[in-house]
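Here's the structure we're looking at; comments come further down.
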Amino acid sequence: MCCLSKEKITRVTIDADTLRSEIRDKSVKVLDIRKEPDYKQGHVPGAINFPLSSLLSDDSPEMILQHVQSFGIDDETHVVVYDDTFGALASRVAWALQYIGHEGVSLLDITYGSWKKLGLETSLESPSLGKKPHSLNLQPQILATADYLMPAREEGVILMDNRERLNFLEHHIPGAINIPYRMLASAQNILRSKDELRRLLHNRNISSNSEVVTYCGSVGTLSGLGYYALKSIGIQNVKLYVRSFKEWESLEKPIEKQKDANYWDLSAE
């Protein structure tokens, strides 16, 4: 039976050894966010294939709920999500589950490629699924909209742009700071250690009491990783601007540019 303990699981990330133990105990549902052909070539044992495109084709709460129920996930199920793209795609799916009210969701702290390099078990079998009921309990406090951003910025909310540095310099939401997604990871894990992340954010005047909105280029993947980086070090008041800069630009909202960027501007350090 896949269920949480009485104490809700709030781990942002989970390591491979712990996941292997939970798989053996049948106390977890694992979602593989890679494309179906990649999944069919091998995956974490018991993992359910849920390509990001399946979510993005209709990411309404009602459709997310249908997916979750069809995977046999109820309110108490611990869910672990992974990908092979530095955790960004998995982060977007994990956030979607959190948005509809699922508390027990964690990111695998390594990619599938790293899982294989470590020589850990893989499988070619797709698990049999049985539908389970799941409630819909939206969490609007973790979602930011375009209309929310500018008034929030004037009230001191920090806007964190997780795109590549050159994209940020070309154009960004006024007042945003740039922390490219690549700076959030370590060589081994999808996120740096908590101490390293705290130093990185402290140097940008982001404290545990800050309210932060993360955004990226279009669908909230890179900024999903930024969202969970902040959550991993205990920053509670974090929102994801899911529609991100693509929507902002299409709405003809104000935009800032970095004119005559020099060498130092190209570095986000």
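Values quoted throughout were computed directly from the atomic coordinates according to the rules given, and no laboratory measurement underlies them. Just so we're clear, the structure is a prediction, and the values are computed from it rather than from any experiment. Every residue, glycine among them, receives a Cβ derived from its backbone with ideal geometry; neighbour counts consider all protein chains shown.
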With within 22 Å of residue 206 (Cβ to Cβ) and loosely packed, with under 14 Cβ neighbours inside 10 Å as the only criterion, which of 87, 156 stands out? 156
Restricting to helices (runs of 4 or more DSSP H) lying wholly in the range 144-250: which have 2 or more residues that are in contact (Cβ under 8 Å) with a residue 40 or more places away in the chain and not charged (D, E, K, R)? 146-154, 165-170, 222-232, 244-250
Matching option when the condition is under 18 Å from residue 11 (Cβ atoms), touching a strand residue (DSSP E or B) at 6+ places or on another chain (Cβ under 9 Å) and β-branched (Val, Ile, Thr), among 28, 68: 28
Just checking, how many residues over the range 72-82 are in a loop (DSSP other than H, G, I, E, B) and touching a Phe, Trp or Tyr at 6+ places or on another chain (Cβ under 7 Å)? 0
Can you tell which of 158, 110, 142 is β-branched (Val, Ile, Thr) and over 14 Å from the mean Cα position of the chain (by Cα)? 158
